[in-house]
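To start, the structure under review is shown below, and the notes come after it.
The values are calculated or read from the model by the stated rules, or taken from the named source; none is laboratory data. Given the structure is predicted, the values throughout are model-derived calculations rather than measurements. Heads up, the Cβs are rebuilt from the backbone with ideal geometry, glycines too, and the neighbour counts pull from every protein chain shown.
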């Protein structure tokens, strides 16, 4: 099986599933609809374009640096300042890092990999106000999806890795259908984040079953990141 790995890191991320009206919530990890929407944007699709081919892809995500939920009390006005727009509470994940994996046919993933590296439309982490801080694509791997998510080095910042020591356990959320026999978890839940249509006139989503796994990343230290404040710490 071929897997495309994506690094999702930025100052802010927002992955909504149940957001309505003035409350714009976020999930604690990237959603399948959010990632497939990012891939659709990368290849240049409009919101009204079909996404049936993307629905054949299997999805999983690893929480390398969970981040913190913050709230933004959002106000807006028209350009002339004469009319106020509705007030809203918008929630974000601050300082989070995730490893996402997409599994499918190699030819399709090669196309998506190129598109993510040279996207037709700007990529963002759930909302347009949340651009990625680092290159998104980590390339292709030849492995089952769960194995690829378990084997990739820890992507958290060096500061986070130092503070959390060698026993940090990351959570993996993965499509149940992508897990091989003998590796299934009893921790399963449903999520309504499979996008059947992104068309603003009639957005439509369906459910999927998600398995929850855990892995110790403390012994999988990734590439060191320069931290200019490190010398000031005790």
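Scanning region 137-178 for residues that are farther than 17 Å from residue 104 by Cβ and in a loop (DSSP other than H, G, I, E, B) yields a count of 10. Of the listed requirements (1) buried (at least 19 other Cβ atoms within 10 Å of the Cβ); (2) farther than 22 Å from residue 147 by Cβ; (3) in contact with a helix residue (DSSP H, G or I) (Cβ under 8 Å, 6 or more places away or on another chain), residue 17 misses just one: (1). When 60, 34, 44 are screened for being within 25 Å of residue 117 (Cβ to Cβ), touching a residue at least 60 places away in the same chain (Cβ under 8 Å) and surrounded by fewer than 13 Cβ atoms within 10 Å (Cβ to Cβ), only 44 passes. Within region 179-207, being under 18 Å from the mean Cα position of the chain (by Cα) and part of a loop (DSSP other than H, G, I, E, B) holds for one residue alone: 198. Do we have residue 53 as in contact with a strand residue (DSSP E or B) (Cβ under 6 Å, 6 or more places away or on another chain) and surrounded by fewer than 14 Cβ atoms within 10 Å (Cβ to Cβ) here? Taking the combined requirement at face value, the residue does not satisfy it. For region 71-111, the set of residues classified as surrounded by fewer than 21 Cβ atoms within 10 Å (Cβ to Cβ), part of a strand (DSSP E or B), more than 14 Å from the chain's Cα centre (by Cα) and modelled with pLDDT of 95 or more consists of 104 only.
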